[in-house]
Amino acid sequence: MLKSLFRHTVLAVAFAAASSSAYAAEEVYKLKLAETWGPNFPIFGDSVKNMVKMAEEMSNGRLQIRVDSSNKHKAPFGVFDMVKTGQYDLGHSASYYYKGKVPNTLYFTTMPFGMTAMEQHAWFQYGGGQELMDEVYAPHNLMAFPGGNTGVQMGGWFKKEINSVDDLQNLKMRIPGFAGEVLAKLGATPVNIPAGELYTSLERNTIDALEWVGPSLDLRMGFHKIAPYYYMGWHEPATELMFIANTKKMEALPADLQAILKVAMRKAAYDMYVHSYAESAKNWEIMKSEFPDVQVKTFPAEVITAIKKANDEILLEKAAEDEQAAKIIKSQQDYLKLVRVWTDISEYGYLESVAE
C-alpha cells in the first residue's frame, strides 16, 4: 500500500515537473494593453491589473501583458483606433466613447432607463448581447468583451438645483453616450472630458455639472467641494466597461491562451462590479457622515418625464435610420421586458416585502 502510494506520488511529481518544463520551453507571448484611465486609477484600473495577473498566472507565465495608461499613450479616447490598427493588442475603455466613429458601439455600455447590471449581464451572455456586440466590432478587426460594471450610476453633481426642464437650457454638462444626446434634445450642451480633467473643468466653470460614476469613485474626486447638489440617476443603470482585442493578434495566440485570456477578462469584469458595489456602500456612508452639506436630490417628475420622452423619440429615430441599430434596440427592449418581470418579483419584491 505504502509502496504503491509512494510510486504514484513520484509519478505525479515527475508528471508535474515534466509539464512545468514543457510550459517553460514554450513560447512566451507578450501583449500590450492601452487603457483609457490614468496610472493606478482606482477600480477601473484595478480590473485591468487583475486581468493581467490572472492571465499570467493561469498561463504559467506564457501570457505577459504590459499596460500603458493614458499618461503614456496620450490618447484616453483613442483606445479603439490604437487596438484596431495593431498599435496595441488589447484595450480597456468604454464602448460608448466611440459612438462618433462607430455609432452602434454606444448601446453596449448602458442605456437610459435600461437594464440593471444583472439584467444586462444576462442579456450579454444568454440574450444575444455578445453576438450583437461581435457583429458591430468585427468589421473593425476587433473583438469586444464585458470589462467591468459600475452598477447604477448617480445622476451627477450640479452647482445649481434643477427644478424644471427650463433649467436644462444651455446647461454645459459632462455626460457621454446616449444620455448626452437626450439632454442635448432638451437644450443642454453635453461634453465628454477625461477623468483627470473633470475637477478642474468644474472648478473653472468650463462645465456647470458633471456625472462621473457614483460614491465608489466620486467622493475621492472632490466634486462635492464645488457642486453641492448630487442627483439620483436615470441615464446609466448598468455601465459596462469593455476589454477589446485586436482580432488578428487574438487569433494568432494558441487556443489555450485565447481561452485563458477570455476567462481572465470575464473574472476581472465580475470582480470590478463587486468592488464598485462595495466602495459605493462604504463611500456613501462616509459622505453622509462627513459631508452632511451634500444635498442628495431626485429630479422632479416633470424633468424625468421630459427626459424619458426625448429618450424614446431618439430611439425611434435611430431605429428608423439604421437597420443594425434597430436590431440592437429591439433586442435590448425585448430582453428588458422579459427580465424585468423577474427582477420585480425577486429583487424589488424581496426589498419591498422586508422593508420596515
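The values are calculated or read from the model by the stated rules, or taken from the named source; none is laboratory data. Small disclaimer: the values here were computed from a predicted structure and weren't measured. Heads up, the Cβs are rebuilt from the backbone with ideal geometry, glycines too, and the neighbour counts pull from every protein chain shown.
Within segment 163-174, the set of residues being in contact with an Asp or Glu (Cβ under 9 Å, 6 or more places away or on another chain) and in a helix (DSSP H, G or I) comprises VAL165, ASP167. Is it the case that ALA184 is touching a helix residue (DSSP H, G or I) at 6+ places or on another chain (Cβ under 8 Å) and either modelled with pLDDT of 95 or more or outside the structural domain of PHE113 (by TED's automatic domain parsing) (or both)? In short, no. Filtering segment 179-217 to residues that are more than 21 Å from the chain's Cα centre (by Cα) and acidic (Asp, Glu) leaves GLU203, ASP208. Evaluate segment 143-162: report whether one residue or more is under 24 Å from HIS275 (Cβ atoms) and part of a helix (DSSP H, G or I). Checking segment 143-162: not a single residue is under 24 Å from HIS275 (Cβ atoms) and part of a helix (DSSP H, G or I).
Residues that are at pLDDT 95 or above and of a type in the set (D, E, K, R): list the helices (runs of 4 or more DSSP H) wholly contained in segment 1-103 that include at least 3 such residues.
44-58
Working carefully through the options ALA301, ALA255, find the one that is exposed (fewer than 12 other Cβ atoms within 10 Å of the Cβ) and within 27 Å of LEU168 (Cα to Cα). First the steps, then the outcome.
Values: ALA255 fails: within 27 Å of LEU168 (Cα to Cα).
Result: ALA301 is the single residue among ALA301, ALA255 that is exposed (fewer than 12 other Cβ atoms within 10 Å of the Cβ) and within 27 Å of LEU168 (Cα to Cα).
Of the listed requirements (1) in the same structural domain as ILE65 (by TED's automatic domain parsing); (2) closer than 22 Å to PHE108 by Cα; (3) surrounded by 20 or more Cβ atoms within 10 Å (Cβ to Cβ), ILE307 misses just one: (1). Restricting the first member to segment 81-100 and to residues that are more than 24 Å from GLN258 (Cβ to Cβ), and the second to residues that are of a type in the set (Asp, Glu) and surrounded by 19 or more Cβ atoms within 10 Å (Cβ to Cβ), the beta-carbon pairs closer than 9 Å and six or more apart or on different chains are LYS99/GLU181. Residue count for segment 264-296, restricted to those that are under 13 Å from ASN149 (Cα atoms) and in the same structural domain as LYS160 (by TED's automatic domain parsing): 0.
Conditions (1) more than 22 Å from TYR107 (Cα to Cα); (2) in contact (Cβ under 8 Å) with a residue 60 or more places away in the chain, marked per residue:
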site	(1), (2)
GLU240	no, yes
LYS249	yes, yes
ALA252	yes, no
GLU302	yes, yes
ILE329	no, yes
GLN333	no, no
LEU336	no, yes
